[in-house]
Structure formats: C-alpha cells, structure tokens
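Undergrad: Here it is, the structure in full.
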Amino acid sequence: MSESAIIQIENLVRNFKLGTQLIKVLKSISFTVNKNEYVALMGPSGSGKSTLMNILGCLDTPTSGKYVLNQNDVSKLSDSELAEIRNKEIGFIFQTFNLLPRSTALDNVALPLVYAGLSKEDRIKRATEVLEQVGLGDRMTHKPNELSGGQRQRVAVARALVNRPSIILADEPTGNLDSKTSYEIMALFDEIHKNGNTIILVTHEEDIAQHAHRIIRLKDGNIESDELNKNITSFATH
C-alpha cells in the first residue's frame, strides 16, 4: 500500500440475503483514496453508494474483499474493534445532523472526545477550537433548537473534526438545507479540505458533487466512472 493512500479498497463485494434470494449490492469494486483527496461518491438510488458508505464508515463489513484504512485492514475486525476505529479515524457528517437535542453545541462537539478518554479541560479546549474554526464561537452555549439548520450542520462539522480523524465522511450533508445554506456549508468543506483533511462526500446532487476534486460514479454495484473533476466549483472566487 502506498504511503499516501489513506483508503484502499480491493475487490470489495457485499451481498445481502433476502429470504432465499441473494442480493448482490456491491460487485467487486476497487479504488484508492490518497491523503487530502476530496472525493464525491455519486449514484442513483440502488447503486450501492449507501452500502459502500457504511463499509467505508466501518458501520458494516464486506462479504469479501479488502478494506485498508490508514494502514489497518478493517475488513476482518470485530464490532468492538470497528467501533474503536470509527471513533478514532472517521468524522461523520449526516444529512439529519444527529445532534443531542438537550446538549449545547459545545457538549455535542466534545462528545467524541469523551470516548477518546480526554480530560474535561482538554475536551472543552479542543471543542472550543473547532467551533471557532467553523464560525460558531458565539453560539457555543446554544442548544440545537436555538440554532438554524446551517448552524446545526456547522456544529455537526465541528464534531466530525474534533478527533482529528483520518477521513471526513459526509452523507448528503446539504440534503436538509436550502440553496444558500448549502453553498455556505460547501464553502466550509472547501476550507476543511484546504486545511489538509481527506473528504469523502456522498451525494446524488450534481452541483454538490462538483465541489469535489474527483468524482466516483456507481451504478448497479459497480464503478461506472472514476474521474478527476476538471470544473471544480470553489467558493474562494465567490
């Protein structure tokens, strides 16, 4: 595995049993993602992108094939080992934000650090740092219902960054946002990428995918195309 590769997928297969039927969702796919790449995974409903996302996020294991994440072969790990890798290596950003409603922005962001075993003082310091980084320094004591959709997604982005993960995995991160707010969140992603983070963005929206520097398109469980994006949308120029 090359030094710069953060993800290596080889001949990945994922089948599901439905009664007596075998549903082949991913059919032997292979690709590599290098450090600080910004990749969009695209595909229509039923293309296998959600299944692939779950495997990349260590929420599921493949039927066969290999998945190496930051030098760890995670395709054969137990559930508890996967949970540990998830917390350490992956920052998740979901369409529905997944914030704890009764906790402040600061507590929501600090939560992954509890599992990582950091002291309270260190947790508060690091969570404050990332909230300031995403432009929410003045909203730390607010609860999710006191924040707009865009602000909630910023809290979710800060929570994804707090552990300094190897990869940021964003699943339809603008799915619940209006156009203006979507652009603001994508501008934030541009910043995160410039800071050296590896981003994998799962989306079915073409204009959102155009922010990525490389686009992998899935169809019927296969990779249909894997190309560098020649027309990157960047908000640096807006």
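The values are calculated or read from the model by the stated rules, or taken from the named source; none is laboratory data. In this text the structure is predicted, and so the values were computed from the model without any measurement. So basically every Cβ, Gly included, is an ideal-geometry build from the backbone, and we count neighbours across all protein chains shown.
Residues checked against (1) of a type in the set (F, W, Y); (2) modelled with pLDDT under 90; (3) closer than 23 Å to I208 by Cα:
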position	(1), (2), (3)
R14	no, no, no
V25	no, no, no
F31	yes, no, yes
P44	no, yes, yes
G57	no, no, yes
K76	no, yes, no
L106	no, no, no
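Undergrad: For H204, state whether it is at pLDDT below 95 and buried (at least 19 other Cβ atoms within 10 Å of the Cβ). Spell out how you get there, then give the answer.
TA: Values: at pLDDT below 95: yes; buried (at least 19 other Cβ atoms within 10 Å of the Cβ): no.
So H204 fails the test.
Undergrad: For the stretch 186-238, enumerate the residues that are of a type in the set (V, I, T), over 12 Å from E37 (Cα atoms) and in contact with a strand residue (DSSP E or B) (Cβ under 9 Å, 6 or more places away or on another chain).
TA: At the first step, the residues of the stretch 186-238 found to be of a type in the set (V, I, T) are 192, 198-200, 202-203, 208, 215-216, 223, 232-233, 237.
From the residues that got through so far, the ones that are over 12 Å from E37 (Cα atoms) too are 202-203, 208, 216, 223, 232-233, 237.
Listed by number, the residues that qualify are V202, T203, I208, I216, I223, I232.
Undergrad: Within the stretch 7-26, track down each residue that is farther than 18 Å from L218 by Cα, assigned to a strand (DSSP E or B) and of a type in the set (S, T, N, Q).
TA: The one that is farther than 18 Å from L218 by Cα, assigned to a strand (DSSP E or B) and of a type in the set (S, T, N, Q): Q21.
Undergrad: For L52, state whether it is aliphatic (A, V, I, L, M), surrounded by 19 or more Cβ atoms within 10 Å (Cβ to Cβ) and in contact with a helix residue (DSSP H, G or I) (Cβ under 7 Å, 6 or more places away or on another chain). Can you show your working first?
TA: Working: aliphatic (A, V, I, L, M): yes; surrounded by 19 or more Cβ atoms within 10 Å (Cβ to Cβ): yes; in contact with a helix residue (DSSP H, G or I) (Cβ under 7 Å, 6 or more places away or on another chain): no.
When the stated conditions are applied, L52 does not pass them.
Undergrad: Moving on to the next point. Identify the residue in the stretch 59-96 that is aliphatic (A, V, I, L, M) and part of a loop (DSSP other than H, G, I, E, B) and, among all such residues, is surrounded by the fewest Cβ atoms within 10 Å (Cβ to Cβ). Walk me through it before giving the result.
TA: Let us first name the residues in the stretch 59-96 that are aliphatic (A, V, I, L, M), namely 59, 68-69, 74, 77, 82-83, 85, 90, 93.
Filter again for part of a loop (DSSP other than H, G, I, E, B), leaving 59, 77.
On the way: L59: 15, L77: 17.
Across the stretch 59-96, the extreme among qualifying residues is L59.
Undergrad: Next question, about the same structure. Filter the stretch 86-117 down to the residues that are within 15 Å of I167 (Cβ to Cβ) and free of Cβ contacts under 8 Å to residues at least 40 places away in the same chain and list them by number.
TA: Scanning the stretch 86-117 gives a single hit, R86.
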